[in-house]
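The values are calculated or read from the model by the stated rules, or taken from the named source; none is laboratory data. Keep in mind the model is a prediction, meaning the values are calculated, not measured. With ideal geometry, Cβ positions are generated from the backbone for all residues, glycine too; neighbour counts draw on all protein chains shown.
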Amino acid sequence: MISRMEAILKFFFYLVVWFFVPIVLLLIIRFLATVHTRTNTKSQKHAAHAGFWAGFVLFIIVMIYQINIFLQIGFPNNYMYNGFNLWLCLIAALIIFVVATPTVMSNWTVLILTFLSFFALFHYLFVRTYNDIILSIVMGMVFGFLTHIAASLSPAGEFLKKKDFTEN
């Protein structure tokens, strides 16, 4: 019989694993989809918008390739939670803490981050082969970003609403 405290802890654990991580990935995708609204020139807007869609198309290409392989050999049957890497989490937190205030995000960066975000979300929810890595990195990214804001190095609203955000 499961104790009440164990049931509460499992609830919070599954809340993080099933909802928090996918929501963070969706928020990153939403942010990348709207980067083009934070640019100054029309050509930068088009390039940032194209970078987002190119990253999405690259994800579709990789997804089709992987699904074709899985149809032949079968889908992996992994659990949602495959472990947690504390060192990877802390390294991701440190990297995000240090680079959380970029003055310029290139359109290539938008393309790569869009692809990685969609790929991570797809793998996290459906394939589940890299869930320990994705969970560790996402939790580290959130911790690093919030620590950066808590250290008052830059307000979150100012970072997210920055106008001169991309460059060709």
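Taking every residue in region 66-94 that is farther than 9 Å from GLY140 by Cα and in contact (Cβ under 8 Å) with a residue 60 or more places away in the chain and pairing it with any residue that is surrounded by 14 or more Cβ atoms within 10 Å (Cβ to Cβ) and among the charged types (D, E, K, R), at least 6 positions away or on another chain, the pairs with Cβ-Cβ distances below 7 Å are MET80/ARG128.
The residues of region 35-52 that are touching a residue at least 12 places away in the same chain (Cβ under 8 Å) and surrounded by 13 or more Cβ atoms within 10 Å (Cβ to Cβ), listed by number, are VAL35, HIS36, ARG38, THR39, GLN44, ALA47, ALA48, HIS49, ALA50, GLY51, PHE52.
The residue list ILE96, ILE60 contains one member that is modelled with pLDDT of 75 or more, in contact with a Phe, Trp or Tyr (Cβ under 9 Å, 6 or more places away or on another chain) and over 20 Å from LEU135 (Cα atoms), which is ILE60. In region 110-131, the residues that are small (Gly, Ala, Ser) reach residues that are not in a helix (DSSP H, G or I) with C-beta atoms within less than 8 angstrom, at least six apart or across chains, in these pairs: ALA120/TYR130. Among the residues of region 94-109, some residue qualifies, meaning at least one is in contact with a strand residue (DSSP E or B) (Cβ under 7 Å, 6 or more places away or on another chain) and loosely packed, with under 14 Cβ neighbours inside 10 Å.
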